[in-house]
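The values are calculated or read from the model by the stated rules, or taken from the named source; none is laboratory data. All figures in this text were calculated on a predicted structure; none of them were measured in a lab. Note that each Cβ is placed from the backbone with ideal geometry, even for glycine, and that neighbours are counted across all protein chains shown. To get the accessible areas, we keep the full protein, side chains included, count just its heavy atoms, and leave off ligands, DNA and RNA. Shrake-Rupley method; radii C 1.70, N 1.55, O 1.52, S 1.80 Å.
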Amino acid sequence: MTRVLMGLMVHKFCSLKWLSIAGLFILIVVTILLIAKPAFTQTHHEDAYIATVDGVEIHVSEFQRAIDANRAGIIKYFHEKYDAAPSAAFWTTPYGGNEIPLELIKKKALEDSIDQKIRQILAKEQGVLPDISYAGFMQNFNLENQRRQQAIKNHQVIFGPAQYTEDAYYEYMMANTALLVKNHLMEHDWKPSEQQLITFYEANKRRLYHAPATVKVRQLSLSFLDANRNIDTLLKTQVKRKIEKAREKISSGISFEQAVKDIKQDDRVTEQVYNLDSYRHKARSPVAQASADLLPGEVSEIIEENGRFYLMQCMEKDQLSSKYLAFDGIREQVLKDYIDNQYEEYARERLTDAKVVLNEELYRNFLM
């Protein structure tokens with residue numbers, strides 16, 4: 001199987017010479033993933049564990065999930081640092097004298113597995129996740145997919161996928177678990193006072209709450225709505241042609257102002273400043289989004305928003321200044337960041353104090 005896959009890769013390389021280096025690397029990574037899929041869980045008992053954290057087992061399948069999650073990153077690391085080529089010996093070959101892919105991925109997967117188990121332990125302590133065993137997770141995973149399948153049969157609305165994969169369900173479960181733990185702790189042990197929030201804001205504003213740049217543009221705006229504020233299809237076509245003509249003139253070297261005069265719409269030009277710390281406005285406004293991407297002198301594509309076509313040219317784009325977002329305007333975000341920070345610090349403390357017992361034989365004998 002390995003020889004066939006490697007042969008196919010060589011054939012691909014020879015026949016697709018136009019592939020970029022990045023494209024070729026993707027092909028290499030895929031090939032290694034196919035070659036090096038471990039059969040870890042097939043050679044050990046279903047109840048085997050790789051380690052315990054404060055007496056709670058990390059099942060081999062949980063360790064395997066962390067191995068799979070880190071595989072592409074480890075391959076990329078060795079490719080970029082050592083130009084490592086795919087081969088059957090990749091995982092056990094020392095690079096740079098002392099770095100072995102197998103040992104590095106095992107170490108990273110173990111660290112991630114321990115971190116995840118600590119967070120599950122916190123969830124159990126808060127009453128959010130009663131069963132943190134792998135068997136309990138799989139039972140919930142299967143029940144959730146059965147529930148979704150039945151809901152679809154009953155023509156009921158479901159949110160998310162029709163069926164979860166194990167990895168997708170795990171990510172969903174952990175994200176929701178962390179949110180519930182944070183909310184529970186915020187309502188009790190971690191509920192901050194106003195002064196604590198202000199103190200957190202002041203301590204972190206240079207990292208989290210720096211006011212982004214503002215963008216000043218000259219802007220042509222043409223409406224295609226009728227007197228009743230409904231879209232006039234014929235007018236929309238006419239307006240689109242006009243604004244396309246203006247953009248063509250600008251692309252040929254004519255100034256923005258002259259191009260707009262040429263289509264006899266110079267009275268429709270305004271100057272506008274978009275404040276890019278207005279996240280909500282930017283998120284719902286295609287024009288504001290487009291302005292954020294413009295460089296001084298650059299002209300936008302034609303943008304449609306709320307019954308109008310827009311064409312913009314960037315006049316100024318302020319660099320990051322010493323201004324910060326006002327606390328009163330972002331209090332809810334500061335509260336969220338405060339709780340997130342408390343949660344991460346608490347998880348790190350518990351990780352530092354955790355008693356980890358490694359299943360040395362199973363860990364040592366793991367092969368890709």
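Things worth noting here:
- For the residues Leu222, Leu294, the requirement of being in a loop (DSSP other than H, G, I, E, B) and modelled with pLDDT of 85 or more singles out Leu294.
- For region 202-239, the set of residues classified as within 18 Å of Val260 (Cβ to Cβ) and under 36 Å from the mean Cα position of the chain (by Cα) consists of Lys216, Val217, Arg218, Gln219, Leu220, Ser221, listed by residue number.
- Complete set of residues in region 318-368 that are closer than 22 Å to Glu187 by Cα and either of a type in the set (A, V, I, L, M) or touching a Gly at 6+ places or on another chain (Cβ under 6 Å) (or both): Ile330, Val334, Leu335, Ile339, Ala347
- Contact map, region 315-328: first residue at pLDDT below 75, second residue among the aromatic types (Phe, Trp, Tyr) and open to solvent by 100 Å² or more (accessible area, probe 1.4 Å), Cβ cut-off under 8 Å, separation 6 or more or different chains; the map is empty.
- Test: residue in region 145-160 that is under 23 Å from Ala51 (Cβ atoms) and open to solvent by 80 Å² or more (accessible area, probe 1.4 Å): no
- Of the candidates Val128, Val157, the single residue that is touching a Leu at 6+ places or on another chain (Cβ under 6 Å) and either within 30 Å of Phe327 (Cα to Cα) or part of a loop (DSSP other than H, G, I, E, B) (or both) is Val128.
- Enumeration of residues in region 218-246 that are touching a residue at least 60 places away in the same chain (Cβ under 8 Å) and open to solvent by 80 Å² or more (accessible area, probe 1.4 Å): Arg229, Ile231
- Selection within region 106-133 - farther than 17 Å from Arg350 by Cβ and either within 25 Å of the chain's Cα centre (by Cα) or aliphatic (A, V, I, L, M) (or both): Lys106, Lys107, Lys108, Ala109
- Gln265 vs. criteria open to solvent by less than 60 Å² (accessible area, probe 1.4 Å) and over 38 Å from the mean Cα position of the chain (by Cα): yes
- Of the helices (runs of 4 or more DSSP H) that lie entirely inside region 1-100, those containing 1 or more residues that are modelled with pLDDT of 90 or more and open to solvent by less than 20 Å² (accessible area, probe 1.4 Å) span 60-82.
- Test for Gln272: is it outside any loop (DSSP other than H, G, I, E, B) and within 30 Å of Gly127 (Cβ to Cβ): no
- Taking the listed residues Val260, Val215, Val287, the one that is at pLDDT below 90, open to solvent by less than 70 Å² (accessible area, probe 1.4 Å), β-branched (Val, Ile, Thr) and not in a loop (DSSP other than H, G, I, E, B) is Val215, with no other qualifying.
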